[in-house]
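Report on one structure; see the data block that follows.
The values are calculated or read from the model by the stated rules, or taken from the named source; none is laboratory data. What you are looking at is a predicted structure, and each value in this text was computed from that prediction instead of being measured. Cβ atoms come from the backbone with ideal geometry, glycine included; neighbour counts cover every protein chain shown.
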Amino acid sequence: MTELSPKNYYRSLEPLLDRLTLAQGPNWAELFGRNAPLELEIGFGNGEALHRFSLAEPDRDFVGIEIAWGSIKRALRRLAQPPRANVRLVLLPAQPALGLLFLSQSLDAIRAFFPVPWPREDHDDKRLFSSAFLDLAADRLKSQGLFQLVTDNQILAYWVMEQADSSNLALTLEEKPALLDTKYERKWRAQGQATFFHIQGSPIQGSPKQEAPSPNNHGLKIMRPTFMDQLDPANYHPRGQTGPLTVLFEDFFYDPAQMTGLLLTKIVEERFVQQFYIRIVQLPDGRWKLSPAISGQALPTQGVQLALELAASRV
């Protein structure tokens, strides 16, 4: 068996949250084994800032979210030297992660360092820090919680400040050295950029808050199974939908001996993509029950519930 080099691979998966934990809605105090200030870093890249912050402040707990496995792998290598218990990593896009995994007024800080700027005017829909996202951040932050964004890109900085004008965050913009010593800071400094754009602030006191999610499910939707009275496997062709919330049914497999089917399903909601199987099984009373095939395979979002309903009703 070939031995994996620690230079090219992670040393431990311990900080990485598994899909089942996410689907159930993480209780951060239980996961970290204590009640401590909780910080979130959005898009941690290769994990340099997360590594240093978590070592420098052992009395605080840190969650990092990323969408690239390569970034997760590099961060895991750093977090293993030395190992520490105050960091968890999540492989998930920022908007669903912030909305689904954190309760209202639960975070002491939300940070983002050198996010992708998407600098052109027609990139507005690709930028993360819209007024709606800033409102979500304001809701998840404690009343004196800190929102911090550092960027090398003036266009992005000014755009975020424009978005903040109609949000529940009070933000200020200052141009100064970054002093974070991350990969992209070093890259831009090597090209002659001496100062960067620092945006930070806190929720506006007395601003309208979004309705806090139920403490029973940590902001995740409770899935309801759906049922069909009849199923003809040879002629089962459920119809999905397209639009802001897209549901696609891609393939159907049926085992007549087990009287069980698997429906391959893809959901796209707010740029968050999930692909999973819906299990369709006949009950003793003759009805057919539809539910996600594997518990925790899909995060229970609005799109997953809609897919179950469409699969049951559109034949």
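Scanning the range 90-127 for residues that are modelled with pLDDT of 80 or more and either more than 18 Å from Leu50 (Cβ to Cβ) or of a type in the set (Asp, Glu) (or both) returns Gln95, Pro96, Gly99, Leu100, Leu103, Ser104, Gln105, Ser106, Asp108, Pro117, Arg127.
Could you say whether any residue in the range 217-233 is at pLDDT below 90, farther than 23 Å from Val304 by Cβ and not aliphatic (A, V, I, L, M)? Checking the range 217-233: not a single residue is at pLDDT below 90, farther than 23 Å from Val304 by Cβ and not aliphatic (A, V, I, L, M).
Within the option set Asp125, Asp135, being touching a Ser or Thr at 6+ places or on another chain (Cβ under 6 Å) and outside any strand (DSSP E or B) holds for one residue only, Asp135.
Every residue, every condition in (1) free of Cβ contacts under 8 Å to residues at least 60 places away in the same chain; (2) assigned to a helix (DSSP H, G or I); (3) not aliphatic (A, V, I, L, M), yes or no:
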site	(1), (2), (3)
Pro96	no, yes, yes
Ser104	no, no, yes
Asp108	no, no, yes
Trp118	yes, no, yes
Leu149	yes, no, no
Ile155	yes, yes, no
Glu174	yes, no, yes
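As a summary of the residue check, Ala132 satisfies the conditions (1) touching a helix residue (DSSP H, G or I) at 6+ places or on another chain (Cβ under 9 Å); (2) farther than 25 Å from Trp28 by Cα; (3) of a type in the set (Gly, Ala, Ser) except for the one numbered (2).
Within the range 33-76, the residues that satisfy the criterion of being within 25 Å of Gln105 (Cα to Cα) and acidic (Asp, Glu) are Glu39, Glu41, Glu57, Asp59, Asp61, Glu66. Exactly one residue out of Leu100, Leu79 is of a type in the set (A, V, I, L, M, F, W, C), touching a strand residue (DSSP E or B) at 6+ places or on another chain (Cβ under 7 Å) and in contact (Cβ under 8 Å) with a residue 60 or more places away in the chain: that is Leu79. Inspect all residues belonging to the range 280-294 and state whether any of them is among the aromatic types (Phe, Trp, Tyr), in contact with a strand residue (DSSP E or B) (Cβ under 9 Å, 6 or more places away or on another chain) and either within 15 Å of Glu309 (Cα to Cα) or crowded, with 19+ Cβ neighbours inside 10 Å (or both). Yes. When the range 80-89 is filtered for residues that are buried (at least 18 other Cβ atoms within 10 Å of the Cβ) and either modelled with pLDDT under 90 or within 17 Å of the chain's Cα centre (by Cα) (or both), the ones remaining, listed by number, are Val87, Arg88, Leu89.
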